[in-house]
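To start, the structure itself, in structure tokens.
Just so you know, all these numbers are worked out from the coordinates, no wet-lab data involved. Quick caveat: nothing in here was measured; it's all calculated off a predicted structure. Positions of Cβ are generated from backbone atoms using ideal geometry, with glycine treated the same way; all protein chains shown enter the neighbour counts.
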Amino acid sequence: MNLLFPLSPLLVTGFGALLLMLTEAFGTPRVRAAAGEEVVDAGAGRSGELALGAAVVLLAGAVLSVAVWLAGPAASPELKLLEPWLVFDGVALFMSFVLCLGGAFTALLAGGYLPEHQIDRGEFFPLLILATLGAQVLSASGDLLMLFVGLETMSLAVYAMIGLRRGSARAVEAALKYFLLGSFAAALMLFGGALLYGATGHTDLRGIGQAVASIGQPESTVNAGLVLLGLTLNLVGLAFKVSAVPFHMWTPDAYEGAPTPTTTFMAVAVKTAAFAILMRLLLTSFGDERAMSWGAGWPPVLALLAIVTMTVANLIAGRQESVKRMLAYSSIAHAGYVLIGLVATMRSPIEGQASVMVYLLTYTVSTAGAFGALILCGSRGAEAVSYDDLAGIGRRHPAAALVFTLFLLSLAGMPPTAGFFGKLYIFRAAIDSELYWLTVLGLLNSLVAAYYYLRVIVSMYFREPAPGAPVATPMRSGLVTGALVLAAFLVLAIGLAPATPLAMALGSLTGG
Amino acid sequence: MTTLILATLALAPLAAWLGGRSAKVATLLALWPLGLTVWFASALRILLQGGVVTDHVAWIPSLGLNLSFRLDGLSAVFALMITGIGTLIVVYGAHYLDGHPERGRFQASLFAFMAAMLGVVLTDNLFTLFVFWELTGFTSFLLIGFDHEKESSRRAATQALIVTGAGGLALLAAAVLISQVTGTLTIPELLSDRGLLTNHASYLPIVVLVLLAAFTKSAQFPFHFWLPGAMAAPTPVSAYLHSATMVKAGVYLVARLTPVLGGTLLWELPLVIIGGLTMLGGAYRAVQETDLKRVLAYSTVSALGTLFLLLGLGSEAAFTAAIVYLVAHACYKGALFQVAGVVDHATGTRDIRRLAGLRALLPQTSLAGLLAAASMVGLPLTIGFVAKELVYEAGLKYALSPFALVPAVVVGSALLGVCGLLAGFGPFFTPGAPPEGSHRASAGLWFGPLTLAVLGLLFGSAPGLTSGVFSLAASAVAGRSVEAHLALWHGLGLPLGLSALTLLLVALLYRARKLVRARAWPRSLGFERGFTGFLRIMDFISGRIGPPLQESSLASYALTFVLSAGTLVGVGYYLTAERVSLDGLLDVRAYELAISGLIILGAIGAVRARTTMTAVLCLGTSGYGVALTFLLFGAPDLAMTQFAAETLTAVIFVFVFWQFPRVDQASARLVKLRDAIIACGCGVLVTLLALDSATLPTTRRLSDFYAEAAPSLAHGRNIVNVILVDFRAFDTLGEITVLVTAAVGVVALLRIAAAERQGG
Amino acid sequence: MSLLGNVLEHYVMLAGLIFAIGAVGFLIRRNVLVQLMCIELMLNAVNLALVGYNRVHVGDMTGHLFAFFVIAVAAAELAVGLAIVIAFYRLKSSVQSDEADALRH
């Protein structure tokens, strides 16, 4: 049975996590214990190596995802054995690529950030890889059970990654809030899953889909009310994970309180995985004509969520004094744009899905880059957080300011960066689906958003720090620099050759 | 052409490096735009022979997008303006900003802007046009905000970007709509689909969006306010962006799309009305200003209005007039802006009431100013004169209402002529002493304006030189072959009479300039205030909705969460016809009722418990009840697991309490007693029920498949185990991963605690 | 089917009730530990519903299996949650969620 190759993206991350865990556990700490202090973490002081290891593992996962994608899932009929639990199709491989990429960025950033801010804890990296593995499983799951398992793997690891910072009330508070609300959301989803199972007798998404499609036919025994409850509860749970308004309230707190690499991971991988499974769930289980119709299906609900999400997030983001918090709101707003793409699957399923996939890719590289640049602009004891901290960076550290500008422009959707094409595809798909007013609202929102992204650029280039104010000195780290170079390369490469990711996304859907 | 544009962009870092050195070295940078000018000029020969230059690079084939460039008459005129004036501005900027610490950034932004602007006028794809359009917006943002120490600079830059950026989005929306209708975005292909667009239901929104984009970019009423604000930019920027290039991008867009969308009243009337209003309003505001640059800024707004007006007239004569006027304006206004810069540089002021008698101090500059002013006033032998004649001719031919139009154009021209005198004549030839501390200007400063002014004279005195190119450009606008008749002498006729009248008016008004300035009734119509007001309102709204939505308390988060979810569920449920049936509720067996009661009581108890210990016990009771139900349902394995898990949970909780010396207020003794009794009672009840239910017949309802397959395929007898480790091994693997993750997570979190304790 | 249907609905109602009690508790209590327990309650309700439904869909053991996973994962979740609560307690000497207010807009 030749499952090794097609499953290699999952296997590499799984074994990588175990390997790293062992390395971390049996290595010797590099930090000499100060008098009266016991070094309890064997991984302390070795973040650099562990980060590099984790990045290699995750990049290998990304490369293998592409390799398997290129070979074509159709070339490995053995993969069918895993269905319906794991559906390792083109879409899942594409998402797996994006997730591994996001994980690798996080690993590299953490390699610089953790030692700099004295949270030099080795557990971060196995947790990171496990979280990525959970995200991969989540995005590929074709069964409610697998969905739950993937979701929990990812979430539990992320909870721990948030609370990692020793003695920081903010970090622990962030972890607590995210954990309590996250578990609550998971419980809602589970109950929704139980109801779906009760109504249809299936936990695999395709089986649910067939049962749901039969609603309304005379011989159908499926209870539409239960299905509706189940769908809504699942929607709510996933809306929480992608932080769509009004289920977003935890986001700014958790993003701000967490160590910045963890924030990056949450903004990038967690959101991507949640969107991937949301898309799969909606299109596999609720993809029949009735459930996808404007009158009797989920599209209007998602459209409403999209509008509220974009508008509220963009309006609040402009007022934030902390850049990190602003980026948190910006990530909420981006969830709104992706929701537009999901709504667009209503009338043009292929284009809608492809636009969501490309958007998640462009969003991942831009967001990881933006958080990375924020990390780079700060150093021990002087983390760059507010707009004032960034004043004059353009002069003191032109390279950092330049890449930061690039990522912000990409987030704002300025051509010819990656982010622009992400938005373009989304809006095109929406117009193809005749969602004109939704497109107009999306465009207006991206205009409002441009305003607060520009504010950062203005701070960096056009402003000098107030005399006497503490100046954030950029840190030095090869790993962070590497991550930024990679992200900047991808932002520009996608911006200049946007056809490739789009063709990949379309190919994933049509099996080409 | 792709290479040329990309090379210009790629040269920006080099420009930053060279531009950061001395003025002489920075002047070398001008060689590149000069070379481009020569290239485009030599390409003119091909165009005049009836050819077009195209360049095609596939970009996003799946979207049908290509980087394809196409040089025709219209593009060539714009490209020559961009590169030619660009050459002069690079030289001028190098000297103007000599010694400025960030002059390198200026040159780099200038090159990037030049590349973007060339892209706008050369591309033959609407979508690519949008991309370059936004790039010009962003690079101009950097240029306007160049003097970033000033708050006004930053505000002006942001304002310009927001207004033009919004217009850019309108252009994108228009492009998307056009491609929806026609299936193409290539301009040559669009030309053949003309009827399709003008007869389509989307024609109205397309026209509105395109005009919105053009009007915002080209500072037309009521979006004109950003241009005077943008005068906060250094003068080289104003001379380049705000006279010759960026503000004309809107004019270019309308000219380019006229053969595609034009020819209808819907297209032409807004152009005439808005263009006319802007022409008059801008000119009127211009003569009231006292700041040299603001005079020029408003006069530019007015000139742009004239251009739109001409494009809206729709006749061949009007198109020709528009092209000539465009070039004339670029020559004299580019020169006058630079002259204003030199004056500012030399005297330190731009207040026209204080500027006088500079002729002796700045002889070359005064010559440039004089020539440019002559062109702007419309004296014969200048290109301004030729343009004005053509404008009057076109106005007289306007079919709809020449009688309303012509007087307006004459008044507008006269006011603009006054502006020309105010800027190019007054500071030098008004008798009086120059402001104190004035000094001479270097050759690098006066070279640019003088060249432009002389060019204007040259084009005006030898119209034959340019008429071929102008014909080509006008043909591109009209969509058919147009012959431009440019001549020094059009013969005695109404246009000449109007020109003479204009000159007379200019002379009168200039003499009475102080009076005109004093009569400033509607000084500002408040559109800028409206704009800032709008931004402030947005700010206010976000300030209002922010805090209530983000209280930072977990309880409010949870409440919002549940309320929103509840609303979603409730509305959805209300909308579906089918309901969960509530029949047969009373048909319950006694032990089921007991267990249910136990679960419910336990649950309520856990929620309401005063002390955490009570809560744990109640939770455990409820959990045991659930386990009993599993037993009833014929799932003993599951029940055992549940029992074990519940016990474990309770034990873990109790262990955690040990960590906390005092979790809640210590309970009163009575309460403790009550809790103990309840807890014991629950325990007894659970035990009894467990014993009782064990005697119940369990109903194992397993599928035949598993029952048969378990021994044969998986060699196991315990079916649930077989399923777990064999048939659904993958899920189990996943579950183990969860447990591993949790373990690592707990270690990560608790080791912190351990370390803290160790460290004290 | 009809008899089972009735029994089934009782259990689903019961599950819904427990779930609702858990959710209400999560909302009204400020003690983090009690909130954790409320989540446990909700998960128990899920299990109840799953097992109950498995009686209708007798084709396989999916419902039972699902419940297995929920039990195990809930325990893991609880462990992580308690670890966070302990960390929180060490910093704040309290387990009241009102104390979590350092992060403000």
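Some notes on this structure:
- Look at the alpha carbon pairs under 8 Å that are at least 6 residues apart: their mean separation over the length of segment B:327-427 gives a relative contact order of 37 percent.
- Under 16 Å from B:K293, Cα to Cα: lysines that are on another chain or at least 8 residues apart: B:K333
- Among A:194-201, A:171-178, A:495-502, the order from most to least packed when residues are scored by Cβ within 10 Å on average: A:171-178, A:194-201, A:495-502
- Taking Lys and Arg as +1 and Asp and Glu as -1, the other residues whose beta-carbon sits under 12 Å from that of B:T737 total -3.
- Working note: 222 nm ellipticity from helices only, DSSP H runs with n ≥ 4, each -39,500 (n - 2.57), summed and divided by the residues of chain A, gives -23000 deg cm²/dmol to the nearest 500.
- Both radii were evaluated on the Cα set of the protein assembly as shown; the Rg over Rh quotient, with Rh as the Kirkwood radius, amounts to 1.06.
- Shielding value for B:631-643 is 4, the average number of Cβ atoms from other chains within 10 Å of each residue's Cβ.
- Each eigenvalue of the Cα gyration tensor of chain A, multiplied by 5 and square-rooted, gives one semi-axis; in descending order these are 36, 27, 21 Å.
- Protection proxy ranking for A:311-322, B:498-509, B:473-484, using the average of other Cβ atoms within 10 Å per residue and placing the highest first: A:311-322, B:473-484, B:498-509.
- Shielding by partners, peptide B:597-607 (average Cβ within 10 angstrom, other chains): 6
- When the pairs A:K271/C:K92; A:K271/A:K423; A:K324/C:K92 are compared against a 27 Å limit on Cα-Cα distance, A:K271/C:K92 fall above it.
- Relative contact order (percent, whole number), segment C:2-96, Cα cutoff 8 Å, 6+ residue spacing: 28
- The mean number of Cβ atoms from other chains found within 10 Å of a Cβ in peptide B:644-652 is 4, as a whole number.
- Residues in segment B:458-467 carry Karplus couplings, in order, of 4, 4, x, 7, 10, x, x, 4, 10, 4 Hz; the curve used is 6.51 cos²θ - 1.76 cosθ + 1.60 with θ = phi - 60°, and Gly or Pro positions show x.
- Mean Cβ count within 10 Å, highest first, over the residues of peptides B:73-85, B:416-428: B:416-428, B:73-85
- Whole-Hz couplings from phi, Karplus 6.51/-1.76/1.60, listed for segment B:316-322; x for Gly and Pro: 4, 4, 5, 4, 4, 4, 4
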